[in-house]
Amino acid sequence: MRSLKLIILLTGFCFACKQKPVTVTGNYTRLPETVNGKKKLCCESNIPARFASVKLNVPAAIEAGGINELHPGMVLIRPGTFVMGGNNSQAEEDEYPRHKVTVKSFWMDTTEVTNAQFSSFVKATGYVTTAERKPDWNEMKKQLPPGTPKPDDSVLVAASLVFTPPDHAVGLNDYSQWWAWKKGADWKHPHGPGSNIKGKANYPVVHISWYDAVAYCKWAGKRLPTEAEWEWAARGGLQDKIYPWGNEPVDDGKVKANTWQGRFPDRNTLKDKFYGLAPVASFAANGYGLYDMAGNIWEWCADYYNNKYYSTLTKGAVNPKGPANSFDPDEPYAKKRVIRGGSFLCNGSYCTGYKVSRRMKSTEDSGMEHLGFRCVKD
């Protein structure tokens, strides 16, 4: 457990939405209490460097060779202007100030990139994902506070983080109770050795780093969406609504998305019929014909994450590309990108990532069981 807590600290699972600086006790981070009206935890906050040695160096063999038709599996998102940012009591500080944004038209994948699609990419290029590579501690520590102790060599192996729920109620301030650093976990083995993706060709690919997503996009002749494009698309033509379907809470009425129903992290009532990942397009599309813009998996965006970025856009913006530099006050040494959309682990008591305005972040080299992507094209 000591090694697990340490490696999770090093990979940044502090999970605080607007957390004050954490304190360090021994070799692990001690988080503030978060229940009964105190600060909430978030299922995808603060995920810094895991493989800092992996640079964005797409092999020459990866060229734009993955498209056989003009825009297969994509829908045209028409240009428009909207007010970007939070608009309800669940909104976080970095979702403000609200500001007017105009985006040009673009094409967007109707679903997350699937295992079948990613398999085609790997077969064509021989690409090896971040999770399949051993981390380099000398590079990794550059994105960690000075003096961070080196973990045992037994945890510096090709691995990824896997959801491992307890069988009883637990406090939400100790993430190691439901996350495990598992050797051999990657996109082909989403739960670690012994697991596989047979029969799951139409499930979203996971354990994908930002580097992996960018490499796939290059091969497919596409790119990652900007944060503004993603939010405009997620809104699906609705004006000033909280979710892709409107304002009705996620657990009211009919099932709308793959999220966690019940008590997180030990009891899922399975109202949506899925304990973990769901096949893509298992739930109704939004007004633009896009599936899973809420829940199922988090999705990478192109932009750097900066907690104060919206304050630079108070006069509005046209096709914003994000800030020039990354900054997260919780982890100032880490370089992060925006992730959007929530996942199958999102629950109102723990994380409301399925809101269209919800901003999360992770370092470019991070990947886990509920993180993937979709592509866009100009």
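The values are calculated or read from the model by the stated rules, or taken from the named source; none is laboratory data. None of the values given here were measured: they were computed from a predicted structure. Quick reminder, even Gly has a Cβ in these numbers, built from the backbone with ideal geometry, and neighbours come from all protein chains shown. Remember, those area values only see protein heavy atoms, side chains included, never the ligands or the DNA or RNA. Shrake-Rupley method; radii C 1.70, N 1.55, O 1.52, S 1.80 Å.
Worth a mention:
- Here the extension length gained between Lys321 and Asp153 equals 56.6 nm, from 0.36 nm per residue of separation less the Cα-Cα distance.
- The packing ranking, built from the mean of other Cβ atoms within 10 Å per residue, places the peptides 91-98, 181-188 in the order 181-188, 91-98, highest first.
- Where labels lie 7 Å past Cα in the beta-carbon direction, separation of Asn138 and Ser311 in nm: 3.9 nm
- Rounded, prolate or oblate (a/c below 1.5 giving rounded, otherwise prolate when a/b exceeds b/c) for the range 269-315 by Cα gyration tensor: prolate
- The range 167-296 - percent of accessible surface contributed by carbon and sulfur, probe 1.4 Å: 52 percent
- A simple packing score, the average count of other Cβ atoms within 10 Å per residue, orders the peptides 126-138, 145-157 as 126-138, 145-157, with the highest score first.
- Summed over the residues of the range 222-337 and divided among them, the accessible surface reaches 41 Å² per residue at a probe radius of 1.4 Å.
- Whole-number D in µm²/s for the range 181-278 (Stokes-Einstein; Kirkwood sum over Cα pairs; 37 °C, 0.692 mPa s): 198 µm²/s
- Take 193-204, 290-301, 325-336, 222-233 and order them by the average number of nearby Cβ atoms within 10 Å per residue, most first; the result is 290-301, 222-233, 325-336, 193-204.
- Across the accessible surface of the range 101-152, with the other protein chains kept in place and a 1.4 Å probe, carbon and sulfur atoms take up 49 percent.
- Whether the range 199-337 is rounded, prolate or oblate, judged on the alpha carbon gyration tensor where a/c under 1.5 counts as rounded: prolate
- Shape class for the range 71-205: oblate, because the ratio a/c of the largest to smallest gyration tensor axis (alpha-carbon atoms, square roots of eigenvalues) is 1.5 or more and b/c is at least a/b.
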